[in-house]
Structures are given as C-alpha cells and as structure tokens.
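Chemist: What follows is a structure written as structure tokens; I'll ask about it next.
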Amino acid sequence: MGLVDEKLQPSKGNGRRPPIRGLARRARYALHQGSRVALYTLHSEAMRRMNRRLQEDLPETPKVQPDGPVPGQRRMLADIFKLFADDMKAVEDGLYPMPSDGSLTARELLDTSRAFFRDVPEVARRRATGAHQEVNEDTGGFAEALPRYYRQNFHFQTDGWLSQESARLYDFQVDVLFSGATAAMRRRALVPFAEILKRKDQRKITYLDLACGTGGLLHPALKAFPRLRGIGLDLSEPYLGVAKERGKTRRAGYVTAMAEALPFADSSIDVLSCVFLFHELPPKVRRQVIKEISRVLKPGGSFLFVDSLQTGDVPDYDGLLSIFPQLFHEPYFSSYLKEDLSALCSAQGLEQRWITPAFVSRAAEFVKTG
C-alpha cells in the first residue's frame, strides 16, 4: 500500500476572494516557482554534462542498480506541480503567507552558481574514489568533539557540515537535486503547525526546530506565524552561523547541541519540528533521538516530521530511493528506507495523527499522548 493523507483536513478558506485577485496571486506563484524549476533544472543538466566529461579522467564507478520502479521525468514533474498546487492551496486557505523562496540577490545568485560549479569536480572525484572521510581525517578544534557518524562528507560534499562555505552552498545544491522543490516540501510541516496555532496563543508556544541547518524551516515558520518565537538547534556551528545571518529576527534563538542529547527539560516543548535528519542517523541514534523528542515534548505536544519517502510510500518511487545511496554518500539511508518510524514513535508515546507524501518526501505529525 502507498502512503495516503490521514485525518488532518486543512481549513477551506472563506471562498470570498475576488476572482481576479486570486488569479493574479496564482499567476505570480506559478511564475516564481516555474522560474526556480527552470533555474535548477538548467544547473542540473549542466552538472550532468560536466560529470560526463570528468568521468573520462576518473576511475570507473559501479553502475547503479535500482531495486524497483524509477519514475520518468514526466511523472516527477507532475508530482512537483502537485506539490506546488498543495502549497498554493495552503496559502489560499490562510495557513501561511505567500512564500518567497530564493531571496538571493542577482549578485548572490551568480556567486553561488559559480561556487556550485567549482565544487562539481570535487564531488565527482570523491564519488569516483570513494573519498567520503576527508572531514574526519582533517578535523581539528571543535570538530573533534563531534560524534563519529557526523564527521563524514555526506553527499560527497566539500567539508561535510563543518564549514561556512558548505553552509552557504548546501541549500543551492539540494535545490539542484530536487528541481527547486525543497522549500515547498519543508512547508508541508506548516500545515499541521497552522492548525495547532488556531487553537493556541502563538506567544505562549515553545517551538524547537531540530537539526535546523541554515534555517530552511525555522525562518518560514517564524514568518508565517508573526508572534511565534523559535529555537533552532543544530550540531554544526558554521550552519548555525549562516542561519543567524539569514534569519535576521529577534524571535529566533540558536543552540549548538546533539539531537540525541537535547539540552531541554522534560515536558518543556509545545511543538518540535525536524526536517531531513532521520535518514542521516544510524539506526541506534534514530531511536535515541525519538526518545529525546518524546522526553522534551509536553503531553499533547506535536512532533512535525519531514524526511525522504520510505520504501512502499509511493511504490513508483521505490527504485529511485534505492539508487540515492548508491549515487551519494548516505551510509544510513538504506536502513531508513525500511525503518518503521510510526512504530518507533508509538513505542515512545508519540501517536501518528497525519501523514502525506510530498514529491520525494513524507510529512507527518505525531502527538505525545502521555
């Protein structure tokens, strides 16, 4: 069986918007997101061509072997457009404001694009030679205290999670991989968040974004809910530094800590979100993180989860998911694909209330029952 929407039904909106205004809003959204898809698709195609040339001078890499169906480009584009349609519906339903993805200036975009292409040969070299431990070999200072599983070149990216250069480039690299749809996938977590806040005073909510990175969900959440304060927690000081630069709000605080040892009191958090973390955790640590999430959440508190699809969620994507750890250094991804997250959460008193596929991701809400 595939993954289907469960239980949560977003509000329908008042249905009174002037038709012309609504059409103009949709056109603006379509133009903005369409231009992003085009931008990152062009970068992806240029990267593929570069890689073909680079492979002529690099060791031959094993041929990828999909374990199941792989969707074609038409199917993937259709699912991206569905994701955008769901995103626009949430805006029209008043759950969150019109998104402003990709707020780089023309100069910043050009500089980031150049940095991206400069890094392509380095990523290709690591993939061809299996060099995914450079971060661990070169660690010094604060990095030596980090967990061993963390000190790797995930995705074969330069510096892993341990430099500002990596932090400034990471979101761009991910958008190239997902054709500009990353932010819309993250925003699926704002749908249950908005429903929660309809029943509560934003000013009294304690909100934690776990493994916040450069603020990809934290910043949109604070923009969507203007009286909310939030804490971004991450293990990478460089990524938190970039998050602070990009956030520019006094309503955000930042903490450097491990997800498996949260520096918060029992039952102290109302809402906890986590995006694209669990597939990068070893199975043992995954369980520790879930236990910590349950510990810090208040009874009735919500855990908002966004991560990769798992095997069987959308069967047509199963082969694509199996290819991902073959193409990128993702040592814990295969175990994630088969992990029964609902059962792990349930064992810690976290009941699944809502779940939905969103392109290549799954979004869910778990509520602490005791």
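The values are calculated or read from the model by the stated rules, or taken from the named source; none is laboratory data. Computed from a prediction, not measured in an experiment: that's the story for all the values here. Glycine gets a Cβ as well: all are built from the backbone with ideal geometry, and neighbour counts include every protein chain shown. Surface areas here come from the heavy atoms of the whole protein model, side chains and all, with no ligands, DNA or RNA. Shrake-Rupley method; radii C 1.70, N 1.55, O 1.52, S 1.80 Å.
Chemist: Run the numbers for Ala30 and Ile323: contour at 0.36 nm per residue of separation, minus the present Cα-Cα distance, in nm.
Modeler: 102.4 nm
Chemist: Relative contact order for the chain: what percent, with Cα pairs under 8 Å and sequence separation of 6 or more?
Modeler: About 22 percent, as a whole number.
Chemist: Starting from the Kirkwood radius over alpha-carbon pairs of region 183-259, derive D by Stokes-Einstein at 37 °C in a medium of 0.692 mPa s and give it in µm² s⁻¹.
Modeler: D = 262 µm²/s.
Chemist: For region 101-229, what does the relative contact order come out to in percent, with C-alpha contacts under 8 Å and a separation of six or more?
Modeler: In percent, rounded to a whole number, it is 19.
Chemist: Taking amide H atoms as placed 1.01 Å from N in the peptide plane, list the residues 5 or more away in sequence, or in a different chain, whose amide H sits under 5 Å from that of Thr249.
Modeler: none
Chemist: Pairs Lys82/Lys200; Lys63/Lys291; Lys198/Lys244: which exceed 32 Å Cα-Cα?
Modeler: Flagged as over cut-off: Lys63/Lys291.
Chemist: Quote to one decimal, in nm, the extra length available between Ile20 and Lys82 on full extension: 0.36 nm per residue of separation minus the C-alpha distance between them.
Modeler: 20.1 nm
Chemist: Next question, about the same structure. Considering amide H positions built from the backbone, and no H for Pro or chain starts, which residues 5 or more places from Ala358, or on another chain, come under 5 Å of its amide H?
Modeler: Amide H neighbours of Ala358, under 5 Å, 5+ apart: Ala363.
Chemist: Also: Over all alpha-carbon pairs of region 149-305, lay out the pair-distance distribution in 10 Å bins, whole %, shortest bin first.
Modeler: 10, 41, 38, 10, 0
Chemist: On average over all directions, what projected area in square nanometres does region 27-121 have, based on the convex hull of its Cα atoms?
Modeler: For region 27-121, averaging the hull's shadow over all directions gives 8.8 nm².
Chemist: Across region 200-212, in residue order, what do the Karplus-derived ³J(HN,Hα) couplings come to in whole Hz, using 6.51 cos²θ - 1.76 cosθ + 1.60 with θ = phi - 60° and x for Gly and Pro?
Modeler: 9, 7, 3, 5, 9, 8, 9, 10, 10, 9, 7, 6, 6
Chemist: Let me understand region 270-328 better: what is its radius of gyration from the alpha carbons, and its Dmax, in angstrom?
Modeler: Expressed in Å, the Cα Rg and Dmax of region 270-328 come to 14.0, 41.
Chemist: I've got another one for you. What residues have an amide H closer than 5 Å to that of Thr206, excluding those fewer than 5 places away on the same chain, when H is modeled at 1.01 Å from N in the peptide plane?
Modeler: Close amide H contacts, sequence-distant or interchain: Asp270, Val271.
Chemist: Measure off 7 Å from each Cα along the Cα-to-Cβ vector at Ser103 and Ser342, then give the distance between these two points in nanometres to one decimal.
Modeler: 3.7
Chemist: Something else about it: Over region 228-357, what is the relative contact order in percent, taking alpha-carbon pairs closer than 8 angstrom and at least six residues apart?
Modeler: Contact order relative to length: 22 percent.
Chemist: So how exposed is Ser100, as accessible area in Å² (1.4 Å probe, rounded to 10)?
Modeler: Around 70 Å² of this residue is reachable by solvent.
Chemist: While we're here: Once phi is turned into θ = phi - 60°, what whole-Hz ³J(HN,Hα) does the Karplus curve with 6.51, -1.76 and 1.60 give for every residue of region 240-255, x standing for Gly and Pro?
Modeler: In residue order, the calculated couplings are 5, x, 5, 4, 4, 4, 7, x, 6, 8, 7, 8, 10, x, 9, 9 Hz.
Chemist: What figure, in Å² to the nearest 10, do you get for the accessible area of Ser179 with a 1.4 Å probe and non-protein molecules left out?
Modeler: 30
Chemist: Pick from Lys82, Lys223, Lys198: which is most flexible by mean-square fluctuation in a GNM of the chain where alpha carbon atoms under 10 Å apart are linked?
Modeler: Lys198
Chemist: Would you please classify the overall shape of region 239-370 from the alpha carbon gyration tensor, given that a ≥ b ≥ c denote the square roots of the eigenvalues, rounded means a/c under 1.5, and beyond that prolate means a/b larger than b/c while oblate covers the rest?
Modeler: The shape class here is oblate.
Chemist: How much accessible area does Met185 have with a 1.4 Å probe, in Å² rounded to the nearest 10?
Modeler: 0
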